[in-house]
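Visitor: I am attaching a structure below and will ask some questions about it afterwards.
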């Protein structure tokens, strides 16, 4: 079932790359809760989380021709984009908007009612793509960086100031935990 | 009632419909019928010149491989987390993805430049002009690569590097060391450098702001007779290249920079003084008229002949000033200082701290000469590209110095150098006494560019004598 869903979503991303508006709307509706929940957890601010989520989907449009299903599901791909966008944003001290500018998305006003909407969306069932969040921070970091961001063990070890073997173990343990979590569901 | 997420959904959905998320080269309207498509494709293939016009780009290809880098040798290994794409973008004369640059810091205290074409916030090379089998794809440079063949510079105490480089005859593909038809001038002039005034290929002047916190700039020009004459051949340039090719340190700062404006109002105008420039121009004009070339743009063959004659004339002029041709430009060319340079906080070393016996072993003569092994024990470490050991030797047929290794050295490590003395070099006898000095170089000034196997030049007052030695060749 999960595989079938992954195939369908991958096909939708391919259609986005080809200019299919309906495919985008389906992916947006399906994954907005996941991206928003992740953004909210990372930023702790509903308005900033909404801002980041919009940028993530704009960047996903641009990156859609390069999406390769064998490298990860659409959910992990979107969270990888979110992580990169957040890192860039922290560096420049403001939420990135380069992708939205590029696709010509005008600034959208964030109103009072939208605060509640963020809570509502973020509390939706995370589904299988929210599994990553069930891992401990150390395992989540290692799995995210290696599997989602495709960084080498060496690079991650250098950044986290630990040995490559530690990172390998964390990735392996994290993936094992994700597998057993999936089997239980 | 406002609905943020609904508005984003509509806005992005419309962008998908407009194909605005796709690059300009991918926004291809579907043809009405198959014959139309075939005709369009055929037209593009025929129209694409062999030198690589970069219209009709297709997509992302394999990344460039990560070069082998030792964390303790040469410029060191890059810290990918420090990699920073600068906002600077320069159009290529033939279009396509713009040029840009990324800077990255290394394990040996160097800042390296990655220069190339920019696509989707990545720097890379293009599959054109013979690179990547002309696959017409974009190939990103890995963030972990220290410099993709471009220069690195030793950082000061605040983590800034100060150097400029000239790449003449680089390929439009941005594959380093490849030959092609671009002149690329790049540099980091420090945190205080605010803007640069430069000479455009048409001969006018223009001013651009520097980019990032290192005062970076990047210029990309077509390499043709006109630009070669302006930037590479002119006797007013510190780096002169008769064939308008090769890689060189611009020595802060070379062509095409006319002035650097610093924060605080300081302005630097690199180059020759007005009288010297007039003299150089007079010499150049005389040589051209002697050859009957007039003032127009020269052909390649004419340029080679002209620059050879010009070099001879300039050498005569240099000799009249008691200088060599090379030192003429070094001596008379005003350079820009490293404004904002912060001396590294290194523990100062003294000769007493470094003193160590030098062991000399003269071996039996081989067919190449007499091998002389010089060794000593390091008393101070070499931990980054800001310091190194150096040996100098002066003898009947010898007068030179060289760096001893290009990597880190720990205290107590034995450093070895091997010299081969030819006792009968040429027609002279090289027998006699040789005197040498081992020094420890600790920079207290900017070093300029450091490339593969070269760790730069010492800053001011950077040399401390470790020991002196001598030996005799019989």
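Visitor: Among the residues of the stretch B:65-111, write down those that are within 14 Å of chain A (Cβ to nearest Cβ), part of a strand (DSSP E or B) and closer than 16 Å to residue B:144 by Cβ.
Guide: Passing the criteria: B:78, B:84, B:85, B:102, B:103, B:104, B:105, B:106.
Per-residue answers, yes or no, for (1) more than 13 Å from chain B (Cβ to nearest Cβ); (2) surrounded by fewer than 21 Cβ atoms within 10 Å (Cβ to Cβ):
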{"residue": "A:22", "(1), (2)": "no, yes"}
{"residue": "A:43", "(1), (2)": "yes, yes"}
{"residue": "A:50", "(1), (2)": "no, no"}
{"residue": "A:54", "(1), (2)": "no, no"}
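Visitor: Which one is modelled with the lowest pLDDT, of the residues in the stretch A:112-136 that are surrounded by fewer than 14 Cβ atoms within 10 Å (Cβ to Cβ) and either part of a helix (DSSP H, G or I) or within 8 Å of another protein chain (Cβ to nearest Cβ) (or both)?
Guide: Only one residue tops the list, namely A:133.
Visitor: Something else about it: If you go through the stretch B:420-430 one residue at a time, do you hit one that is at pLDDT 90 or above and outside any loop (DSSP other than H, G, I, E, B)?
Guide: No, every residue in the stretch B:420-430 fails to be at pLDDT 90 or above and outside any loop (DSSP other than H, G, I, E, B).
Visitor: Just to be sure I understand the filter: pairs with C-beta atoms under 9 Å, separated by 6 or more residues or on different chains, first member in the stretch B:2-23 and under 26 Å from residue B:97 (Cα atoms) and at the interface with chain A (Cβ under 7 Å from one of its Cβ atoms), second member exposed (fewer than 15 other Cβ atoms within 10 Å of the Cβ) and modelled with pLDDT of 90 or more. Which pairs pass?
Guide: Partner pairs satisfying both residue conditions: none exist.
Visitor: If you check B:61, B:153, B:124, which single one turns out to be in contact with a strand residue (DSSP E or B) (Cβ under 6 Å, 6 or more places away or on another chain), crowded, with 24+ Cβ neighbours inside 10 Å and within 14 Å of chain A (Cβ to nearest Cβ)?
Guide: After ruling out the rest, the residue left standing is B:124.
Visitor: Related question: From the list A:61, A:32, which residue is facing another protein chain (nearest Cβ under 8 Å) and within 17 Å of residue B:59 (Cβ to Cβ)? It would help to see each step written out before you state the result.
Guide: On the way: A:32 fails: within 17 Å of residue B:59 (Cβ to Cβ).
So the residue among A:61, A:32 that is facing another protein chain (nearest Cβ under 8 Å) and within 17 Å of residue B:59 (Cβ to Cβ) is A:61.
Visitor: Being modelled with pLDDT of 80 or more and surrounded by 14 or more Cβ atoms within 10 Å (Cβ to Cβ): is that true of residue B:84 here?
Guide: yes
Visitor: A further question on this structure: Would you pick out the residues in the stretch A:77-95 that are under 11 Å from the mean Cα position of the chain (by Cα) and closer than 19 Å to residue A:121 by Cβ?
Guide: A:78, A:79, A:81, A:82, A:85, A:86
Visitor: Give me the pairs, please: first residue somewhere in the stretch A:85-102 and closer than 19 Å to residue A:38 by Cβ, second residue anywhere and in a loop (DSSP other than H, G, I, E, B), beta-carbon distance under 6 Å, and either six or more positions apart or on two chains.
Guide: Close Cβ pairs (under 6 Å, with a partner that is in a loop (DSSP other than H, G, I, E, B)) amount to A:85/A:96; A:88/A:96; A:89/A:95; A:89/A:96.
Visitor: Identify, please: which residue in the stretch B:169-184 is at pLDDT below 85 and within 14 Å of residue B:115 (Cα to Cα) and is, among those, surrounded by the most Cβ atoms within 10 Å (Cβ to Cβ)?
Guide: B:175
Visitor: Right, next: Would you mind stating whether residue A:73 is away from chain B (no Cβ under 13 Å) and under 22 Å from residue A:8 (Cβ atoms)? Talk me through it step by step, then tell me what you get.
Guide: On the way: away from chain B (no Cβ under 13 Å): yes; under 22 Å from residue A:8 (Cβ atoms): yes.
Considered against the rule, which asks whether it is away from chain B (no Cβ under 13 Å) and under 22 Å from residue A:8 (Cβ atoms), residue A:73 comes out as yes.
Visitor: Then there's this: Looking at (1) crowded, with 20+ Cβ neighbours inside 10 Å; (2) modelled with pLDDT of 85 or more; (3) closer than 23 Å to residue B:298 by Cβ; (4) in contact with a strand residue (DSSP E or B) (Cβ under 6 Å, 6 or more places away or on another chain), which is the one condition that is false for residue B:163?
Guide: The failed condition is (3).
Visitor: A follow-up question, please. Residues B:392, B:401, B:463: which one is at pLDDT below 70, under 30 Å from residue B:157 (Cα atoms) and surrounded by fewer than 19 Cβ atoms within 10 Å (Cβ to Cβ)?
Guide: Details: B:392 fails: at pLDDT below 70; B:463 fails: at pLDDT below 70.
The match here is B:401.
Visitor: Would a scan of the stretch A:158-167 turn up a residue that is modelled with pLDDT of 75 or more, within 23 Å of residue A:68 (Cβ to Cβ) and surrounded by fewer than 17 Cβ atoms within 10 Å (Cβ to Cβ)?
Guide: No, the stretch A:158-167 has no match at all.
Visitor: While we're on this one: Read through the list (1) at pLDDT 80 or above; (2) surrounded by fewer than 17 Cβ atoms within 10 Å (Cβ to Cβ), then give the number of the only condition that residue B:274 fails.
Guide: (1)
The values are calculated or read from the model by the stated rules, or taken from the named source; none is laboratory data. Fair warning: this is a prediction, and the values are worked out from it, not measured in the lab. As a convention, Cβ positions derive from the backbone with ideal geometry for all residues, glycine included, and neighbour counts pool all protein chains shown.
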